[in-house]
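These notes are about the structure you will find just below.
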Amino acid sequence: MFGAICAKRAGADVLLLEHTDRIGKKLLATGNGKCNLTNLVLKPGDYHGNHPSFVVPVLERFTQYETLKLFEEMGLVWKDINGLVYPYSNQASTVLDLLRTELKRLHVKVRTEVKVKEILPDAKKGFVLNTSEGELEADCVILACGSKAAPKTGSDGSGYQLAKKLGHSVIEPLPALVQLKAEGGYFKMIAGVRSDCRLKLYIEETANRKKTLIAKESGEVQFTDYGISGIPVFQFSRFAVRALWEKKKAYVVCDFLPQMEETVLYEYLVKKKERISDWGSCEELLLGLLNKKLNLMLLKECGFPAQSKAEELSVHNLKRLCRLMKHWEIPLKGYNSFEQGQICQGGIATEELTENLESRIHKGLYFAGEIIDIDGRCGGYNLQWAWSSAYVAAVHAAEG
């Protein structure tokens with residue numbers, strides 16, 4: 001939609017083809033339905049891919065401020081929450097409706113429920129599109145088909161197949177910004193618990209079994225009956241997913257009390273143990289530290305009955321308990337599917353694209369958005385990549 005608007009504004013005759021019954025379905029799910037439109041603080045390090053620096057000239061060509069200016073022209077009132085930009089209405093539907101209204105204002109032709117089966121380069125006509133409603137001709141084509149994430153919205157990966165038939169390489173698409181599955185019989189015990197934690201992701205190399213620290217994140221973690229979720233998990237999930245797909249071992253080390261040093265925690269427990277030594281249980285020793293379910297889980301994993309007397313805990317056992325609270329190791333065994341993933345990693349190899357997002361194989365063929373091997377962190381980064389890449393591809397396609 002954004003690419004069609006930009007191309008039309010640049011003077012092109014535009015036809016937007018959509019294979020579902022309605023355009024823009026996936027946008028409604030962004031930002032938990034609030035649409036985190038962009039981020040005021042963008043850095044190349046917020047993006048990943050085989051060549052993440054590929055984003056730099058694209059984001060510089062059409063910045064977050066230019067994006068907001070264009071949306072303001074469409075009528076959007078927005079708000080800034082610690083750098084994260086949302087529509088003032090808190091509704092993703094507002095953004096979608098504005099895009100649809102602008103398409104209507106510009107008289108962009110939109111055809112839904114049209115499936116593109118194949119795109120054929122033609123020396124005289126540019127491109128011939130073989131569709132479910134017959135053949136169409138185009139001077140230029142922009143593939144902005146999304147990825148395989150959230151396939152119910154129409155993002156079913158069919159764009160990858162079109163690109164492959166045109167000779168393009170596709171880095172294996174895998175879920176990103178997704179929940180992780182973990183080993184351990186204790187997760188059903190703590191399912192539904194939310195806790196502020198510091199997380200470290202380690203990947204074990206297959207050859208030498210050396211664990212390498214890959215990423216660190218902090219924030220609210222949600223424990224589920226199968227593993228871990230929440231924004232800090234999403235932020236490094238792409239690395240864990242890729243490692244697991246490559247049959248490597250991955251671990252998350254969880255610090256349940258990031259604001260307290262291990263030595264301070266130990267001293268705290270020693271003093272509290274002395275205070276309740278005449279009557280207190282192990283459960284009461286931990287009361288006031290973490291969520292009750294987490295306290296009980298940690299005691300169980302240590303082999304300390306919750307109702308046993310706290311005074312019976314030795315120095316060694318207290319230190320062991322502190323160690324677990326600060327360094328709880330969670331072995332990962334899998335990840336949720338494309339249905340749960342907010343975005344994909346992988347896609348069209350960036351080496352095969354120019355800075356203008358034009359194919360190096362077929363002149364006049366462009367790519368935009370998530371179909372390209374670029375993925376960003378949570379926080380508006382992926383939508384900004386969509387806006388910026390759509391603009392750059394559309395303006396150059398219109399010039400062509």
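So if I place +1 on the C-beta of Lys and Arg and -1 on the C-beta of Asp and Glu, and nothing else carries charge, what would the dipole magnitude of the chain be about its Cα centre? I want it in debye, nearest 20.
720
Taking Cα atoms only, the orientation of helix 262-275 departs from the longest principal axis of the chain by about 40 degrees.
Annotation: aspartates and glutamates with alpha-carbon distance below 20 angstrom to LYS249 (same-chain offsets under eight excluded): GLU172, GLU183, GLU204, GLU205, GLU217, GLU329. Taking TYR186, TYR226, TYR335 as the candidate residues, the one with maximal mean-square fluctuation in a Gaussian network model of the chain, Cα springs under 10 Å, is TYR186. Give the percent of DSSP beta bridges with both residues in the chain that are antiparallel, rounded to the nearest 5. Close to 90 percent. Using C-alpha pairs below 8 Å separated by at least 6 residues, the relative contact order for the chain is 25 percent. The order of the peptides 72-84, 265-277, 8-20 by mean Cβ neighbours within 10 Å, most packed first, is 8-20, 265-277, 72-84. Answer rounded, prolate or oblate for the range 317-389, using the Cα gyration tensor with square roots of eigenvalues a ≥ b ≥ c: rounded when a/c is under 1.5, else prolate when a/b is larger than b/c, else oblate. Taking the square roots of the gyration eigenvalues as a ≥ b ≥ c, the range 317-389 is prolate. Looking at the range 1-123, the DSSP beta bridges with both ends there are about 65 percent antiparallel. Across the range 140-195, Cα-Cα pairs farther apart than 18 Å form 53% of the total. Each peptide in 154-160, 298-304 was scored by the mean count of other Cβ atoms within 10 Å over its residues; highest first, the order is 154-160, 298-304.
Relative to the Cα centre, the charge distribution of the range 262-326, modelled as +1 at Lys and Arg Cβ and -1 at Asp and Glu Cβ, gives a dipole magnitude of about 220 debye. Put simply, the amide H of THR38, placed in the peptide plane, has neighbours under 5 Å in VAL85, leaving out anything fewer than 5 places away on its chain.
3J(HN,Hα) along the range 219-224, derived from phi through the Karplus expression 6.51 cos²θ - 1.76 cosθ + 1.60 where θ = phi - 60°, amounts to x, 7, 9, 10, 8, 10 Hz, with x in place of Gly and Pro. Each residue of the range 379-390 is assigned a 3J(HN,Hα), and the resulting list reads x, x, 5, 6, 5, 5, 4, 4, 5, 5, 5, 5 Hz, derived from the Karplus form 6.51 cos²θ - 1.76 cosθ + 1.60 (θ = phi - 60°), x at Gly and Pro.
In the chain, the calculated helix contribution to ellipticity at 222 nm averages -9500 deg cm²/dmol per residue, counting -39,500 (n - 2.57) for every DSSP H run with n ≥ 4. Remark: the range 180-253 projects, on average over all directions, an area of 4.6 nm² (convex hull of Cα atoms).
Taking Lys and Arg as +1 and Asp and Glu as -1, the other residues whose beta-carbon sits under 10 Å from that of LYS148 total -3. For the chain, with the dipole built from +1 on Lys and Arg beta-carbon atoms and -1 on Asp and Glu ones, taken about the Cα centre, which of CYS282, GLY346, ALA123 lies farthest toward the positive end? In the chain, that residue is CYS282. Projecting the Cα atoms of GLY376, PRO331, LEU321 onto the charge dipole of the range 305-388, computed from C-beta unit charges around the Cα centre, puts LEU321 farthest toward the positive end.
Considering only beta bridges that DSSP places wholly inside the range 180-253, some 100 percent are antiparallel.
Cross-link pairs exceeding 30 Å in C-alpha to C-alpha distance, out of LYS148/LYS363; LYS211/LYS273; LYS188/LYS326; LYS26/LYS164; LYS109/LYS148, comprise LYS211/LYS273. The H on the amide N of GLN345, modeled in the peptide plane, is under 5 Å from the matching H of LEU174, ALA176, each at least 5 residues off or on a different chain.
For the range 262-326, a/c is less than 1.5, where a ≥ b ≥ c are the root eigenvalues of the C-alpha gyration tensor. That puts it in the rounded class. Think of the range 235-348 as having a plus end and a minus end, set by charges on the Cβ of Lys, Arg, Asp and Glu; of THR263, GLN307, LEU244, LEU244 sits farthest toward the positive end of this dipole.
When you filter the trypsin sites (Lys or Arg not before Pro) in the range 333-400 for DSSP loop state and at most 15 other Cβ atoms inside 10 Å of their Cβ, you are left with ARG360, LYS363. Backbone geometry of the range 292-304 corresponds, through the Karplus equation with coefficients 6.51, -1.76 and 1.60 at θ = phi - 60°, to 3J(HN,Hα) couplings of 4, 5, 5, 4, 5, 5, 5, 5, 5, 5, 7, x, 9 Hz, x marking Gly and Pro.
Note on the range 180-253: with charges restricted to the Cβ of Lys and Arg (+1) and Asp and Glu (-1), its dipole about the Cα centre is near 280 debye.
Quick note: the coordinates plus some simple rules give every number you see, no bench work behind them. Given the structure is predicted, the values throughout are model-derived calculations rather than measurements. FYI the Cβ positions are ideal-geometry reconstructions off the backbone, even for glycines, and counts take in every protein chain you see.
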